[in-house]
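The block underneath contains the structure these notes are about, expressed in structure tokens.
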Amino acid sequence: MKKEDNAFSVQSAEESPGFLLWQVTSLWQREIRKALEKYDLTHSQFVLLASVMWLTQQHEPVTQILLSAHSKIDPMTTSTVLRTLQTKGLLERREHATDTRAKTVALTAAGEKVTRQAIKVVEQFDKDFFEPLGAKTGEFNRKLRVLLGQ
């Protein structure tokens, strides 16, 4: 192919960080979906349940806005997923202690049980998936945080 015919700035697809990230993300999400099937959870549902547990352990009043910011899931999607989890009996909404406009979110006993089980499976999956990075996992995480603006 002549250079002027190439619409791309790279010579091979493997030189495109966005394309590589897309491929890795697709693979990772596909496998996470399989790991969560036995808990009847989507990945978004798991992320929000785990985030509720995490923020609760940090002694934060867990609101929908806080969950959205923590998980980087947009507020409308967060609201929809929380309604589904509430319907499944995995979490409940309560009156906020100080803000009458806000509701807090808490895991039910069933929600805590399934979240704890799913966390073990997801953490093991992540350990296995990222194992090829070995000692560079910490560096990889730091670079991801840079991309997230942290």
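If each residue's Cβ is checked for other Cβ atoms within 10 Å, how do E37, E112, E92 rank with the fewest at the top? Don't skip to the answer; put the middle values down first.
On the way: E37 10, E112 17, E92 14.
Ordered by Cβ neighbours within 10 Å, fewest first: E37, E92, E112.
Which three semi-axes in whole Å describe the equivalent ellipsoid of region 40-131, each the square root of 5 times a Cα gyration tensor eigenvalue, listed largest first?
Numbers: eigenvalues 105, 37, 32 Å².
The equivalent ellipsoid of region 40-131 has semi-axes of 23, 14, 13 Å.
Can you give the longest stretch of the chain with no exposed loop site, where a site means trypsin sites (Lys or Arg not before Pro) in a DSSP loop (not H, G, I, E or B) with at most 14 other C-beta atoms within 10 Å?
Working: sites that count: K2, K72, R101.
The reported range is 3-71.
If the only charges are +1 at each Lys and Arg Cβ and -1 at each Asp and Glu Cβ, what is the size of the charge dipole of region 57-150 around the Cα centre, to the nearest 20 debye? All intermediate terms of the calculation are to be shown ahead of the outcome.
On the way: 15 positive and 11 negative charges, 19 e Å.
Around 100 debye, computed over region 57-150.
Between N141 and R93, what FRET efficiency comes out of the Förster formula 1/(1 + (r/R0)^6) with R0 = 35 Å and r the beta carbon distance, rounded to 0.05?
On the way: r = 33 Å, r/R0 = 0.93.
Between R93 and N141 the formula returns 0.60.
Helix by helix through the chain, keep the DSSP H runs that span 20 Å or more along the axis on Cα and average at least -0.5 on Kyte-Doolittle, and give those back in order.
Working: long enough: 17-36 (28 Å, -0.01); 43-57 (21 Å, 0.86); 109-130 (31 Å, -0.34).
Span-like helices, by this rule, are 17-36, 43-57, 109-130.
Considering only Cα-Cα distances, which of the following residue pairs are longer than 20 Å: K34/K143; K34/K127; K72/K113; K34/K136; K88/K127? Could you put the intermediate results ahead of the total?
Working: K34/K143 27 Å; K34/K127 16 Å; K72/K113 24 Å; K34/K136 26 Å; K88/K127 29 Å.
The pairs that break the limit, which is 20 Å between Cα atoms, are K34/K143; K72/K113; K34/K136; K88/K127.
Taking other Cβ within 10 Å of each residue's Cβ, how do W22, W28 sort, fewest first?
W22, W28
With unit charges on the beta carbon (Lys/Arg positive, Asp/Glu negative), name the residue among H43, L66, I119 whose Cα is farthest towards the positive pole of the charge dipole of region 40-131.
Result: L66, furthest along the dipole toward the positive end.
Since every read-out is calculated from the coordinates, none of them should be taken as a lab result. These numbers come from a predicted model, not from an experiment. Every residue, glycine as well, gets a Cβ built from its backbone with ideal geometry; the counts of neighbours run over all protein chains shown.
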